[in-house]
Structures are given as C-alpha cells and as structure tokens.
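What follows is a single structure, written as structure tokens, with notes after it.
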Amino acid sequence: MKTQAIIYIRVSTNKQDNSLEMQKDKCVLFCKEKDYEVVDIIIDEDISGGSKIFKRPGGSILKERIDNKEINHVVSWKLDRISRKVIDGLTFIDTLNKEGIGMSILDLNGESIDTNTATGKFFISLMLSLNEMERGIISERTSTILQNKKKNLEVYSRKAPFGFKKRGKKLIPVEKDLDKVRKVIMLHQTRSKRKLSIDLVLGYNIVSRIIRDKDFYKDHI
C-alpha cells in the first residue's frame, strides 16, 4: 500500500525563515522520490514556532487528518517547523506514535525517525531542546538590544513613543507632549485610563501605551 503523506510547512514573520516555496518544493520532490502519495500540503503562514502546533490554523487541519486516519506519514523541512518547544514537540510525536504515523524531516537528510524507540525519542528531545534554547537566546538578545536602544533614546520601533519625535536614528523629546506624559504617570494610580484620556484630551490608546511604558518614560523625563 502506498504511503499516504501530508506535507507540513510553517513560515513565521521572521524574514530569515526559509521561504514557503522552497519548503514546498523540497518536500514535494522528496515525496516524489520516495513514491509517497501527497494527500495534502498544509501551510501555516505568519505563525511562530513557539505556538502549539495543534492550535495553529494549519495544525488543527493536520490534527483532523490524523484523527480521521487519512495519513500514515508527515513530511516537513525542519523539526522547528513543527515546534520550537520541547513539550509541544514531544506531544506531537506521541500523537503520531499512537496512530502509527511516521515522520520525515528533510533537514536531517529526510530520514524517518522511529520515535517509538528510546534512541529516536532521545534524539528528537535533544533536537527540540536545542531549538528551544536557540529561540530563547534570540529572544534574550533581541530584548537586550531593545532595552539599550530605549536607554540611549534611539529609534526602536516604527512609530516614535508619544512625547518624542524621530530625528534620524534618535528620539527627540517634545516637551509639550511630555507634560501630558508626566500627568498620566502621576495620576494613573487614582484615575482610570478612560478618565485620564478625557481629562488630558489624549487618545485612550496613547494613555494605555504611556502606562505600559512608564519605566521607559521615567528614565527620560
């Protein structure tokens, strides 16, 4: 009986991700070479690898295909396309194991990993742990860069925070707006955001952002 395979592709918002078309072409070619029948190609676009796979739009379709016993193999470009979290990745693997479904990861030379064995499970756990650690390191590095930019009044987002304007790569204070910022920070413990918005003639979203970023403002006002 021919192997009924499903191809799973995920592309996050990170522009360094492998392109959707590249993943698709590689996976389709692999299935052709293995003589797998491609039942479906499931694509999750703009989805983080940190999200639970079965909670994703495409992932929920994949779960339905598994539950309906429509497939017996899953093909993906990289393990981190499936998940970047150890627990979620292992839950996915356990689901495949219970249904007798195999998995091929092309970045591992397309080898089908027998996750029913202790060695296979250890290998997957190790790979998922490395993926999760890499994600954590990137997040920490991004957070550090962001905090340094805020500290040095460098542009750190598309839109300048209220009370500042962009000048090149720097944030320049706008004193008349910062007066309102000071009042929001001083009064927000005793007044609702809605009331502050009305009293200070500020948009509700602006008041909310000021309160959320009060630590940034306290460093610069």
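Values in this text are rule-based calculations from the coordinates and carry no lab data. What you are looking at is a predicted structure, and each value in this text was computed from that prediction instead of being measured. Cβ coordinates were reconstructed from backbone atoms using ideal geometry, including for glycine residues, and neighbour counts include every protein chain displayed.
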* Asked: Considering segment 78-221, what Rg and Dmax in Å follow from its alpha-carbon atoms?
  -> 24.2, 67
* Built amide H within the under 5 Å cut-off of L171, gap 5+ -> E154, V155
* Gaussian network model of the chain, Cα within-10 Å springs - most flexible of F54, F92, F164 -> F164
* Leading residue at positive end of dipole, segment 4-139 (Cβ point charges), from N97, V74, S12 -> S12
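Rounded to two decimal places and with Rh computed the Kirkwood way over Cα pairs, what is Rg over Rh for segment 164-220?
Numbers: Rg = 11.5 Å, Rh = 11.7 Å.
Using only Cα positions, Rg/Rh for segment 164-220 is 0.98.
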* Asked: Picking from G136, G203, G49, which is most flexible by a Gaussian network model of the chain using Cα springs under 10 Å?
  -> G203
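Once fully extended, how much extra length lies between S157 and T144, figured as 0.36 nm per residue of separation less the alpha-carbon to alpha-carbon distance? Please report the intermediate quantities before stating the final value.
Numbers: separation 13, 0.36 × 13 = 4.68 nm, distance 1.44 nm.
My answer for the length gained is 3.2 nm.
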* Structure fact -> Total charge of the residues flanking P173 in space, meaning their Cβ is under 13 Å from its Cβ, with Lys and Arg +1 and Asp and Glu -1, is +3
* Structure fact -> Excluding residues fewer than 8 positions from K180 in its own chain, the aspartates and glutamates with Cα under 18 Å of it are D199, D213, D215, D219
